[in-house]
Amino acid sequence: IEITDTIPANFSCNCSHERIEKAIISIGKKDIQSMIDEGKEVEVKCHFCNHAYTFNIEELKVILNRAKR
């Protein structure tokens with residue numbers, strides 16, 4: 001059997017700012033508050049595609065308000 005056609009293999013990550021925000025929420029209020037207290041932007045990279053997402057202090061405060069624990 002000879003295969004003449006190739007199937008392109010493309011990787012497409014489904015990460016997004018919202019998904020990374022949910023990951024931050026999952027670490028809990030105490031750690032989110034610690035990030036806010038440091039007073040610096042936080043950069044989170046997707047483990048799969050290495051895309052960097054940045055969250056400023058105001059965004060972290062909104063995330064903190066959304067966190068339940």
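Numerical summary
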item: Per-q log10 I(q)/I(0), the chain, q = 0.11, 0.14, 0.18 Å⁻¹ (Debye; single scatterer per alpha-carbon; no solvent); result: -0.36, -0.49, -0.69
item: Accessible surface, per residue, of region 3-69 when the full set of protein chains is kept, probe 1.4 Å, Å²; result: 80 Å²
item: Nonlocal Lys pairs with alpha-carbon distance under 17 Å, the chain (8 or more apart, or different chains); result: 11
item: Estimated 222 nm signal from helices in the chain, with DSSP H stretches of n ≥ 4 weighted -39500 (n - 2.57), rounded to 500; result: -13000 deg cm²/dmol
item: Heavy-atom accessible surface of the chain: percent carbon and sulfur, 1.4 Å; result: 49 percent
item: The chain, relative contact order [Cα under 8 Å, separation at least 6], %; result: 34 percent
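The values are calculated or read from the model by the stated rules, or taken from the named source; none is laboratory data. Since the structure is predicted, the reported quantities are computational estimates derived from the model, not experimental observations. For accessibility, only protein heavy atoms count, side chains too; no ligands or nucleic acids. Shrake-Rupley method; radii C 1.70, N 1.55, O 1.52, S 1.80 Å.
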